[in-house]
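The values are calculated or read from the model by the stated rules, or taken from the named source; none is laboratory data. What you see is a predicted model, and the numbers here were worked out from it, not measured in a lab. We place every Cβ from the backbone using ideal geometry, glycine too, and count neighbours over all the protein chains shown. Accessible surface is based on the protein model in full, side chains and every heavy atom, while ligands, DNA and RNA are left aside. Shrake-Rupley method; radii C 1.70, N 1.55, O 1.52, S 1.80 Å.
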Amino acid sequence: MKEVACTHCHLKFSEDVMITETHGEHTLYFCCNGCQGVYHLLNEEGLGSFYDKLGDTTLQPAAQKHDDLERFDLEGFKNKYIKVHEDGLYEIHLIIEGIHCSACVWLNEKVLHKTPGILEASINYTNNKAKVLFDPEEIKLSKIIETIRSIGYNAYPYDPALQEERAVSTRKSYYMRILVAVFGMMNIMWLAIAHYAGYFSGIEQRFKDILNVAEFILATPVLFYSGWIFFRGAYYGWKNRIVNMDTLVATGALSAYLYSIYAMVTKTGEVYFDSVVMIITFVLVGKYLEVLSKKSAVDTLDSIMGTTPTEVTLIKGNSKALVSVENVTQGDLIELKPGEKVVIDGKVVSGEASFDESSLTGESEPILRQKGDEIRSGSICLDSVIRYEATKDASSSLLSSIVSLLEESITKKPRIEQLANTVSGYFSTTILLIALATFAGWYLATGSFERSLIVGISVIVIACPCALGLATPMATLVGISLAAKRGILFKEATYLETMAKSDLLALDKTGTITEGKPSVIHAQVEADFDPALLYALTESSNHPVSQGIKRYLETRYEKLSTPTLTEIKSIEAKGVEAYCETTHLLGGNAALMRSHGIKIDHEGEHTLFYFAVGQEIKAYFELSDRLREGAKEAIEAIQKMGIRVVMLTGDHEASAKRIAQVVGIEEVYARLLPQEKAALIDRFHQEGHIVVMAGDGINDAIALARSDIAIAMGNGADVAISVSDVVLLDERPKSLQEAYRISRRTFRAVKENLAFSLLYNLIAVPLAVAGYVTPLIAALSMSLSSLIVVANSMRIKSLRFREDSREQR
């Protein structure tokens with residue numbers, strides 16, 4: 001009985017075991033009920049054109065798996081893999097198995113988009129990773145998985161650990177292909193030496209035939225096994241009407257191979273099997289080194305995620321239990337032992353210990369955390385047992401946020417990369433046309449088909465769109481990784497480019513230049529001053545000045561009661577207003593007092609806070625904020641880069657100018673409301689500046705949103721972090737300078753890479769057209785050009801930073 005192909009999956013089986021259907025004049029064959037069901041489902045949904053796009057590609061038969069669907073709807077599964085949006089929608093990343101080509105991507109996206117309850121579905125073909133946004137009120141995750149399985153694929157949740165497995169699998173595949181290629185190359189070189197020796201000294205045809213056959217035997221597995229990567233890439237490129245690097249390599253090698261077979265069989269001309277092997281081997285080794293370099297560039301992400309514990313010790317009453325991190329909620333008590341990594345953010349409630357925060361901030365010195373101090377996920381407990389209260393759940397803790405930001409930053413492409421990719425796409429097509437024209441020109445000029453073909457192959461092989469395509473992503477990948485190691489998180493790669501071009505830095509004072517923890521240096525109180533009223537008022541505000549007053553009262557007065565306040569209002573850039581029963585309370589700056597008709601006689605060069613009951617001032621406080629360590633040196637270094645530095649603050653002018661004078665800022669704008677800060681950013685834009693703004697408070701959020709690059713401090717207000725483009729985890733002013741250095745160094749590497757790629761092709765292609773380059777030299781040159789781009793990008797890692805005020809060399 002003859003074999004026939006399944007109408008759905010295209011796999012061939014004996015006709016007598018197939019399920020058959022007759023549609024008019026056509027007979028349909030199905031290898032199983034799953035394939036039959038999928039075929040009819042696609043046609044009913046109007047997706048029958050999938051089979052036209054699929055061509056002859058074979059699929060896995062449609063699997064019917066329903067026994068494990070329930071686990072996708074479990075609460076623990078949701079906590080671990082699903083991100084819940086503020087509007088109640090669910091987002092999950094899935095790895096889809098069975099995707100062979102772009103047609104498979106098209107099919108899965110179409111089916112998911114047609115499924116009720118799914119709002120967004122996008123699949124990355126390079127890693128089979130799908131982002132699915134859905135409404136849990138309309139559809140369950142198990143139903144989504146079932147839908148994917150019903151069309152012949154399988155899906156499981158994305159886990160970073162699986163990416164490492166995928167990388168290992170890729171490397172193993174390259175190992176085997178390179179081994180075969182190198183074995184073939186080493187042996188064919190000996191045969192080629194004999195061949196060339198005979199060419200110059202004379203050789204009998206029968207010996208020449210033996211050498212030709214031997215080279216053919218060695219070249220064939222190298223071309224079709226080791227070079228399969230290039231043929232596969234060329235095939236998918238052809239199906240999608242794209243001419244890529246794989247197309248050039250496959251075309252060049254296959255052309256030389258086919259001509260060599262013709263020369264061997266007809267015994268006319270010379271064979272070029274050695275060139276075929278050299279082309280495949282050199283380009284394959286170059287591609288493998290690229291894979292290794294890319295892996296090295298993203299090792300920061302792997303190191304952050306690699307050793308993340310999946311369980312914590314939870315304290316409930318007098319008992320301890322190991323609990324999955326997904327099941328820990330805010331307020332739970334966790335015990336941490338020496339050597340364990342913090343997985344969930346929290347606050348120490350008992351004990352004290354030193355913590356290694358180097359993976360977060362780059363700071364190698366251990367940090368002592370005591371009762372009341374916050375500890376951040378990603379840090380490691382070094383020397384004591386402590387207990388702490390969880391202030392967040394696992395998904396919203398710092399470590400998860402860092403990983404999400406890094407993953408997003410690597411996938412977003414800078415504008416210069418988008419341009420390079422566009423050029424690269426046209427480049428390969430242009431090279432193919434130049435090669436054809438070169439072949440025709442040489443054939444008309446010399447009449448030699450062999451010579452013309454070899455020159456044409458050299459043109460195809462020597463041109464390198466790969467170097468052009470790698471120029472930007474490789475450099476930005478290394479730049480983002482280096483920044484992450486220094487505690488600087490770029491939310492998108494494109495922000496490296498924008499920051500490198502910026503020429504104006506706007507700095508908030510409190511919490512950015514200073515520590516944001518002002519302390520009272522002078523207090524004047526009336527005899528009838530009630531500290532409990534002021535304590536209750538400052539407790540209702542998160543402003544650094546209010547918190548400074550609160551800390552002062554706690555140390556000055558014992559057992560403060562907190563009366564109930566009503567009608568509490570936070571007044572932008574002024575202070576707080578409230579009522580205690582019928583008594584009107586005001587706490588804030590001079591502007592707040594004057595706006596309520598209260599006369600102010602006190603002036604000072606530091607921050608002043610007034611407390612009024614009714615219309616009378618009962619106390620005033622003078623506060624001073626300490627400069628952040630290294631602020632002066634960092635600002636000085638940034639100014640030396642040619643960047644204009646200005647201070648924008650809501651504080652009064654005397655205090656702002658005093659701080660500005662210390663750190664060396666000449667341009668100060670004080671007493672600004674949030675909208676006035678934003679208006680100044682707009683004015684700087686009108687002057688033609690590219691503006692970077694650094695701030696940490698709610699009052700900075702509008703200005704941060706208006707700037708080209710918004711930089712937030714890691715411990716700043718959530719709203720400031722949410723609108724920011726860059727986050728400084730360690731909050732050091734030195735990190736601002738480092739962010740500038742890394743972005744400028746990365747952008748310089750991008751420009752160097754692009755310049756080298758263009759210069760290489762401008763020199764190499766004309767030389768090949770003129771016939772001065774053999775296919776062997778062309779293959780070696782092409783691989784080296786890509787490796788030079790990669791090596792130049794890796795040089796970004798050699799950037800040196802000052803540690804503890806000493807230059808490391």
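When you work out D = kT/(6 pi eta Rh) for the stretch 469-541 at 20 °C and 1.002 mPa s, using the Kirkwood radius from C-alpha pairs as Rh and the Stokes-Einstein form, the result is 124 µm²/s. Treating r as the C-beta distance of Ile178 and Gln686 and R0 as 60 Å, the FRET efficiency rounds to 0.55. Accessible surface comparison of His40, His522, probe 1.4 Å, protein chains only, largest first: the order is His522, His40. Annotation: extensible slack from His40 through Leu89 equals 14.5 nm (criterion: 0.36 nm per residue apart, minus Cα-Cα distance). Hydrodynamic analysis of the stretch 421-580 uses the Kirkwood radius over alpha carbon pairs. Inserted into Stokes-Einstein at 4 °C and 1.567 mPa s, it gives a translational diffusion coefficient of 56 µm²/s. Of the peptides 670-676, 218-224, the ranking by mean beta-carbon count within 10 Å, highest at the top, reads 218-224, 670-676.
Over 19 Å apart at the Cα level, from the set Lys550/Lys632; Lys618/Lys657; Lys509/Lys734; Lys83/Lys129; Lys517/Lys550; Lys316/Lys341, are Lys550/Lys632; Lys618/Lys657; Lys316/Lys341.
A crude spin-label estimate for the pair Leu69 and Gln547, with each label 7 Å from Cα along the Cβ direction, gives 5.0 nm.
Computed from the C-beta positions of Phe801 and Met189, the FRET efficiency with R₀ = 35 Å rounds to 0.15. Each peptide among 658-665, 173-180, 565-572, 535-542 gets the average number of other Cβ atoms lying within 10 Å of its residues, and from highest to lowest they stand as 535-542, 658-665, 173-180, 565-572.
Taking the accessible area of the stretch 635-774, probe 1.4 Å, and keeping the other protein chains in place, the carbon and sulfur fraction comes to 56%. Put Tyr552, Tyr262, Tyr153 in order of accessible area, highest first, and with a 1.4 Å probe you get Tyr262, Tyr552, Tyr153. Model label sites at Arg232 and Leu133, defined 7 Å from Cα along the beta-carbon direction, differ in position by 3.3 nm. Computed from the Cβ-Cβ distance with R0 of 51 Å, the FRET efficiency linking Ile788 to Ala532 stands at 0.10. Between Asn154 and Val349, the simple label model (points 7 Å from Cα in the Cβ direction) yields a spacing of 4.4 nm.
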